[in-house]
Amino acid sequence: LVFSDVHKGTVTFLPLEENSEGKYQVKKCNIYQIQLTHIKDEEWSVSIVAPFPEDWFSDGIAYPKLAWLGKELLSKLAKWSVEQKPSEFKSTLSLISVAKYSKVYQDLKKKYKEMVKVWPEVTDPEKFVYEDVAIATYLLILWEEERVVKGLNKKQSFVDLGCGNGLLVHILTNEGHSGRGIDVRRRKIWDMYGPETHLEESTIMPGDSHLFPDTDWLIGNHSDELTPWIPVIAARSSYSCCYFVLPCCFFDFHGKYSRKQSKKTQYREYLDFVTQVGFVCGFHVEEDCLRIPSTKRVSLIGKHRTYPPTERALIDKRITQYINNRQTCAAVMCDRRAAFNHKDCSDGVCKEAVSEHSENGTAGTIWMPGFQPREKVEQIRNCASLPRDFVDDVVFSVANLLLNAAPQKSCSDMRDGNTNTWNQGESLSLKEVAEHLNKETLKRLKSEYGGLQTLLKNNHQVFEVLNGRVHIRDWRKEKPSRKTKPEVKRRLSAEAFKTRLCWFFVHHPDGCSLPSESCPYAHGTEELRQSQIIKKKKHI
């Protein structure tokens, strides 16, 4: 329920939840209010009030996090209140019934919420589970409305290209749609779905061997390098094949997408490019914004053709010409193919791919020989695979830099009636820290995603990185675990207790700021416990 009081300048949000008896009750812990206050003249202020912050519940979708309300939403409300520029995107859920969407989404959310508790991947379960539930909801409503318009009785079939964790395939299959997912790399969670969910580990190379003539819809949910190819594959699969893409990372047909205009955001420009691909492929492309917890939430849908079936061959030639016009033939690829096939790669266009498809049309023809699919084994480049001695050297160097920076911050603490002063050191910006590291170290860190910042965040026992500044972590200031902490995380915290040495006990000139019984890390080798996680793996 939303109560708007124009006179007082307040809007109050009361979340309702249906109980087992079908009656609605106010979820009191998640009530919040937006207040608009007149200061003076043309000056106004906007604020958000939550009366029960200590009991606040968040699932990342219907119930946002308090920090998001205060930091993200509030600043955006202030910005939106004064700016006059039109939006780059369509309004959310503009192509389907919002009422139907809300009903189906709530039903599916209840049905699949248990996936959050058993999620075996390292990715955030709340984000991925509820995002896939939302995408599935959208597709189910879209397809239901398509069946009504076309007078279809049978539910549409689908193939999800680059299906990732496979949850979207699992949900759509459970809801009665026959389909499968294909991805270059198998995920751990695939084993949990059961035999009814069809998932294939395979590399998709855009070409004649990856056409789907008996499939109604192709899906590209954050499909990366396959995104611009999906309208092409749909157009060449059959005249009736449709597609749905949710672009995320920016890829062209042959590699990373290079932006052409500075007047548009990179995201808007890329969406326009994928839309143009759809038009070239003969689709009437529609755009819609999904209601998902992601900054990349604009979907592009091709479900109607702009040409009659008799002109398919003409459209196919147009597609081939468009793809080749966008591709510049890399010298390495030209030399390699010229050596093996003696083909001509002059004028910066790969004529080999054009002639093979347009003249021969043989099975197995690859439309662009230079296409680079994702690697089967994902490279770990988040500083986790760096040698331990290298990481230890960087941690020790940065910690000494902060501890010896002037002026020192000293924190007093009363222990056993005595006042002990513990050196917390100074905080420095990431740039200042980087300036004190040698060139070889920086070069090695730059080859990792996130670089220095990622390494320091990985070593959260020692450091805290806030707003681009690096601090020595003071464990006395750490807040105790909240009651709402997920069971899985609570169990992992208990299993990891005292399984690693305390860095401060070993290296800090004042030792650890916490007494042994309060510190989650071992004060000396005699306190070390064997990790329960390792024991479980050995047992398995």
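The values are calculated or read from the model by the stated rules, or taken from the named source; none is laboratory data. Computed from a predicted structure; not experimentally measured. So basically every Cβ, Gly included, is an ideal-geometry build from the backbone, and we count neighbours across all protein chains shown. When the accessible area is computed, the model is the full protein with side chains, heavy atoms only, and any ligands, DNA or RNA have been set aside. Shrake-Rupley method; radii C 1.70, N 1.55, O 1.52, S 1.80 Å.
Out of the residues in region 170-193 meeting the condition of being touching a helix residue (DSSP H, G or I) at 6+ places or on another chain (Cβ under 8 Å) and open to solvent by less than 40 Å² (accessible area, probe 1.4 Å), tell me which one is nearest to D107 (Cα to Cα).
Applying the filter and picking the extreme gives I171.
Considering only region 134-144, I want to know if a residue exists there that is more than 19 Å from D216 (Cβ to Cβ) and among the hydroxyl-bearing types (S, T, Y).
The answer is no; no qualifying residue exists.
Can you pull out the residues in region 27-79 that are of a type in the set (V, I, T) and within 25 Å of E131 (Cα to Cα)?
Once the filter is applied, which keeps residues that are of a type in the set (V, I, T) and within 25 Å of E131 (Cα to Cα), region 27-79 yields I31, I61.
Can you tell me which residues in region 17-29 are part of a strand (DSSP E or B) and open to solvent by less than 70 Å² (accessible area, probe 1.4 Å)?
V26
Specify which of the listed residues (H523, H539, H436) is modelled with pLDDT of 90 or more and open to solvent by 50 Å² or more (accessible area, probe 1.4 Å).
Going through H523, H539, H436 in turn, just one is modelled with pLDDT of 90 or more and open to solvent by 50 Å² or more (accessible area, probe 1.4 Å): H436.
For residues in region 194-237 being at positive phi and part of a loop (DSSP other than H, G, I, E, B), which is most open to solvent (accessible area, probe 1.4 Å)?
The selected residue is H222.
Just one of E126, E88, E121 is in contact (Cβ under 8 Å) with a residue 12 or more places away in the chain, outside the structural domain of N221 (by the TED database) and within 24 Å of C248 (Cα to Cα); which is it?
Exactly one residue qualifies, and that residue is E88.
When the residues of region 98-118 are narrowed to those that are among the basic types (K, R) and surrounded by 15 or more Cβ atoms within 10 Å (Cβ to Cβ), which ends up modelled with the highest pLDDT?
Ranking the candidates gives K100 first.
All but one of (1) touching an Asp or Glu at 6+ places or on another chain (Cβ under 9 Å); (2) outside any loop (DSSP other than H, G, I, E, B) hold for I292; state the number of the condition that does not hold.
(2)
Here's the yes/no breakdown for (1) at pLDDT 90 or above; (2) in contact with a Lys or Arg (Cβ under 9 Å, 6 or more places away or on another chain):
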| residue | (1), (2) |
| --- | --- |
| W229 | yes, no |
| C242 | yes, yes |
| V245 | yes, no |
| K264 | no, no |
| R268 | yes, no |
| V274 | yes, no |
| G278 | yes, no |
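Any chance you could count how many residues in region 233-270 are closer than 27 Å to P309 by Cα and without any contact (Cβ under 8 Å) to a residue 40 or more places away in the chain?
4
Could you tell me whether T203 is at pLDDT 95 or above and among the polar types (S, T, N, Q)?
Taking the combined requirement at face value, the residue does not satisfy it.
Please find, within region 396-433, the residue that is modelled with the lowest pLDDT out of those that are in a loop (DSSP other than H, G, I, E, B) and at negative phi.
Among those that are in a loop (DSSP other than H, G, I, E, B) and at negative phi, it is Q408.
Within region 113-166, how many residues turn out to be within 17 Å of R180 (Cα to Cα), in a helix (DSSP H, G or I) and of a type in the set (D, E)?
1
Of the numbered conditions (1) open to solvent by less than 50 Å² (accessible area, probe 1.4 Å); (2) closer than 17 Å to I292 by Cβ; (3) of a type in the set (D, E), E121 satisfies every one except a single condition; which is it?
(2)
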